[in-house]
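All of the numbers you see were taken from the coordinates with simple rules; none came from a lab. Only a predicted model underlies this, so the values are computations on that prediction, with no experimental measurement involved.
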Amino acid sequence: MAIWISKQHESKKMTRPLYNIAREIGETWEDITPYGIELVEAMSSLTNIEDMFFFDSGYRIVGCFLEESKRWKGGKEVKAELKEILYN
């Protein structure tokens, strides 16, 4: 039982709150698209991936942002961090 608990605890890594990631995106993505702005604004109200923004989940917002951010030539570290949060 103790091993199961420790493995469960191990899988929950501490990540930055989504509102901090959103702030970094807003500060670094200079030619952000209008839809990208909406997604970053939504993300700025979320703490973690399980939070809701009106009827959209954090999972949907982050997933849509990752799709939209293909137009963003920078931000490789931020995109990798969001993928880690989304898929783990």
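Please state, as a whole number in µm²/s, the translational diffusion coefficient that the Stokes-Einstein equation yields for segment 16-87 at 4 °C and 1.567 mPa s, with Rh defined as the Kirkwood radius across alpha carbon pairs.
110 µm²/s
Using Cα positions and a limit of under 20 Å, work out the aspartates and glutamates in reach of LYS83, with same-chain residues fewer than 8 apart set aside.
Candidates past the 8-residue exclusion: GLU10, GLU24, GLU27, GLU38, GLU41, GLU50, ASP51, ASP56, GLU67, GLU68.
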